[in-house]
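As structure tokens, the structure follows; a few thoughts come after it.
The values are calculated or read from the model by the stated rules, or taken from the named source; none is laboratory data. Given the structure is predicted, the values throughout are model-derived calculations rather than measurements. Quick reminder, even Gly has a Cβ in these numbers, built from the backbone with ideal geometry, and neighbours come from all protein chains shown.
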Amino acid sequence: MTKYLPLSILILFVLPAHAALIRGTVTSNKGEPLPFATVMIKGTTQGTTANAEGAYQLDIPQGSHVIVCQYMGYRKEEKTVRAGDATQELNFVLQPLSMQIKEVVVKSGGEDPAYAIIRQAIKKRSFYQSQVKNYTVESYIKMLARLRSVPKRVFGQKIDKEEIGVDSTGKGIVSLSESVTKISYRAPDMKLDVLSSRQSGGGLGFSIPMMISFYDNNVEAVTSQLGPRGFISPISENALFYYKYRLEGTFMDDNKLVNKIKVIPRRKYEPVFAGYIFITEDDWRIHSTDLMLTKEYQLELLDTLVIRQTHVPVNADVWRTKDQVVYVATKLFGFDVVANSVNVYSNYNLSPVFPKGYFNKVVMKYEKNAEFRGINYWDSIRPVPLEVEEQKDFRVKDSTAQARRDSAKSKYHLDSLRAKPQPVKPTAILFGGWGHTWYFQRNSDSTISSHRFNMGSLIRGLSYNTVEGVSLYITPSVVFSLPNKRTLGWHNNIRYGFNNTHLNAYTSLVYAGSGEGEYGTRNVWNLSGGKRITQFNRGEPIGPIMNSLYTLLLKENYMKLYESWFGSLNFNRNFESTFSFGLGVTYENRRPVENTTDFVLFKNADKTFTPNHPEELANIPFVREEVLSIGGSLSYQPGQRFIEYPNRKVAMGSKYPTFTASYRKGLLDADFDKWNIGITDNMNFKLFGELRYHFTGGGFLNNKKVSIPDMQHFNGNQTFLNIRYLNSFQLAPYYQYSTTANLYGTANVEHHFNGLLTNRIPLFNRLKWHLVAGSNAFYVNRDNNYVEVFAGLENIFKVLRVDVVAGYQSQADTRIGVRLGFGGLLGSAFRFE
């Protein structure tokens, strides 16, 4: 027996001490729950946060501990507890703070004592911002979004309340998730390891901690979409230009004097906060915050956003964020939404040792079993107890989702899907498009797969031009699901011109090999052939809708077309969004076409339609010809960062620009070598706006035989609408500057002020319309060059943009025009051609 004694002693030392559980509630002296109060073991960063009902639970090692409870605006309370095996109840009743006002005499014309405190905090800001060079910490995140009401319809579409998860009154939880993420930091790099994550109803929850630091000069509140310029910290280097301050009082916290300072914006419509910041005396660090953003202070999309933080000492010299609660409220398109995000930080390590190569291009990684943790796991690690409504939401939605997954693997479900195809409505055929799905089950996989047929709407396929008259364009397609996540698409394009009675039809087979998700490494083959009608400029500078309107209403036929029998084979490979390249060969038997109609809705004897052959290129003949072209292209963006899921990687973007290059060789009736390189980027300067640019260069190494379709065309625009801001010239004719020169260059530059300057104009600043300005230019030679400058307003109703443009050409009069397009927070989601 004695021979096992050393092993028994070793086990006693190696095994961790058993943890005990304490739980209780945090209320005010009036019995009101104090939501998201901080509860922790004194002298450590081990702790928890109460839920919205003031309930908390905390695992503590066995032994005697002092438990500290604190809540903004209330006196901190400490209780000693001796933890055993049994769960103990420990309730806290907090008393309001008795604020003491410093005896400071403010003379006439003097300043509030808060300013001296803020100046000291500003001096220390950069020190605290960079004080910690390395650390690790675990972050628990719980996010909840709740609807308080929903509209009956949005954009004409009826809202199905049951489908979005609310009751008959439009109330209920629509999103609930929780996750645990380990944060590792080594200046200037950060890496997130998601240990566990779940979403109510199944799937991964939101797992990116909101690292909001008011030691930064410019604070990004949750996401840049809510404020493209960021928001100015109350202790930033230039904070005194944007804020006024008032000392509300002081209180003692662990023998440290804390100043409560009210933060007051000097002007509305600046990107600033309002509320309170608490600063400790002598060391001038942030103790806690209660700061708010509203629409009056350049908050976009939301009505209100509140950030509450509590900072605690990690050691004698370093304080870090212990918990952070973000509240959100908004009413958008009739939806009344409230949401909150609770971040609890624990187990800070300020002296971590990272393995070699730990910080790499993968900045966020999900553990393989992150999504598949059981209920017992979550109940054991969750620092913030779930509310009754949250428990019900997880239970009901998870069980419903599991039932659906089980059903999806059953033959009964497969039979029911086959037996209940969606009926085809006449309105869908005309306006929305329609399709049909064939369901089947592979022997190698218990899940159900499908083949899908789609047809675009007939109305969208109608257009008018002077070559075809009225044309109808339909695009029936079938996508076949193949084993191992591969697909085969059969896409057909059929177009009939009712006036010239030409039928153009071609088909494409698109094979996509298995890859790691949408942004993973993937091979795509495309084999196409048939007869088609195409614009001379393959960039299609004018779309069918705009051309139809201008042709029928204003007697302007800008679209210039030719027909061809063709065959092509293209291969593309994408390497996780960092690098991609393509190779292709195309044969065309081209033939010219002519105008066949001059019908317009409004007669105008002073105007005549121009020939289909571009007038600007009248001296260049276009006749029947056969052209074989071979070429390739590549795109590369260095510094790409990724989120790594268990089965794929997703690109997060890069701070570096994207570089492109292409080359094409013409043979048979053609003889040319054409090349192009480009660089494009968006650069966000926060308070000073965002700069976007696109530069290209190119030319013909050999231009012995170049037909009009193979020339270098610049995307002009002669309509009131422009949607290709970094790839077009807003006032330039479509073919006037086309060239076969051996060298050319283009530049498209625009600066989005995002509220800078316009926020200083009284009354106008309420509209939140933003200034945008820039220039587009190209240069071929002294006789062939063009420059235009523009200034405009965007974010009109969040989607529209209006520019005033002046175009200059050395041998032509100055052009002045107005262009309408899409720009602003939501403008990029709209397309109109």
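General remarks:
- From the options Asn748, Asn717, Asn776, Asn785, residue that is surrounded by fewer than 19 Cβ atoms within 10 Å (Cβ to Cβ) and under 24 Å from Gly698 (Cα atoms): Asn785
- Restricting attention to the stretch 568-609 and to residues that are among the acidic types (Asp, Glu) and in a loop (DSSP other than H, G, I, E, B), the residue that is surrounded by the most Cβ atoms within 10 Å (Cβ to Cβ) turns out to be Glu576.
- Any hit, the stretch 234-257, residues being under 25 Å from Met683 (Cα atoms) and free of Cβ contacts under 8 Å to residues at least 24 places away in the same chain: yes
- A count restricted to the stretch 133-159 and to residues that are surrounded by 12 or more Cβ atoms within 10 Å (Cβ to Cβ), of a type outside the set (Asp, Glu) and in contact (Cβ under 8 Å) with a residue 24 or more places away in the chain stands at 18.
- Neighbours by Cβ (under 6 Å, 6+ apart or cross-chain): first from the stretch 48-66, over 13 Å from Pro35 (Cα atoms); second of a type in the set (Lys, Arg) and in a strand (DSSP E or B): Gln57/Arg23; Ser64/Arg82
- Going through (1) at pLDDT below 90; (2) closer than 30 Å to Gly699 by Cα; (3) surrounded by 15 or more Cβ atoms within 10 Å (Cβ to Cβ) one by one, Asn765 falls short only on (2).
- Unmet requirement for Ser635, which otherwise passes all of (1) assigned to a strand (DSSP E or B); (2) of a type in the set (Ser, Thr, Tyr); (3) under 30 Å from Asn465 (Cα atoms): (3)
- The residue of the stretch 85-100 that is surrounded by the most Cβ atoms within 10 Å (Cβ to Cβ), among those that are in contact with a strand residue (DSSP E or B) (Cβ under 6 Å, 6 or more places away or on another chain) and assigned to a loop (DSSP other than H, G, I, E, B), is Leu97.
- Number of the condition not met by Ile375 [criteria: (1) within 21 Å of Glu390 (Cα to Cα); (2) among the hydrophobic types (A, V, I, L, M, F, W, C); (3) within 30 Å of the chain's Cα centre (by Cα)]: (3)
- For the stretch 201-237, a residue qualifies if it is touching a Lys or Arg at 6+ places or on another chain (Cβ under 7 Å) and buried (at least 23 other Cβ atoms within 10 Å of the Cβ), and the qualifying residues are Arg229, Ile235.
- Count of the stretch 801-824 residues which are more than 17 Å from Asn784 (Cα to Cα) and either small (Gly, Ala, Ser) or crowded, with 19+ Cβ neighbours inside 10 Å (or both): 10
- Hits in the stretch 537-567 - residues which are of a type in the set (Phe, Trp, Tyr) and outside any helix (DSSP H, G or I): Tyr558, Tyr562, Trp565, Phe566
- Among the residues of the stretch 242-267, those that are in contact with a strand residue (DSSP E or B) (Cβ under 9 Å, 6 or more places away or on another chain) and outside any strand (DSSP E or B) comprise Tyr242, Asp254, Arg266.
- Filter result for Lys124 (over 30 Å from Tyr242 (Cα atoms) and either modelled with pLDDT of 80 or more or surrounded by fewer than 20 Cβ atoms within 10 Å (Cβ to Cβ) (or both)): no
- Taking each residue of the stretch 648-659 that is β-branched (Val, Ile, Thr) and looking for partners that are part of a loop (DSSP other than H, G, I, E, B) and modelled with pLDDT under 80 with beta-carbon atoms closer than 6 Å, six or more apart or interchain, yields Val650/Tyr519.
- Within the stretch 638-681, being in a loop (DSSP other than H, G, I, E, B) and surrounded by 16 or more Cβ atoms within 10 Å (Cβ to Cβ) holds for Gln640, Ser654, Pro657, Asp669, Ala670.
- Residue match in the stretch 268-281 (condition: farther than 20 Å from Arg766 by Cα, touching a residue at least 12 places away in the same chain (Cβ under 8 Å), among the polar types (S, T, N, Q) and not in a strand (DSSP E or B)): no
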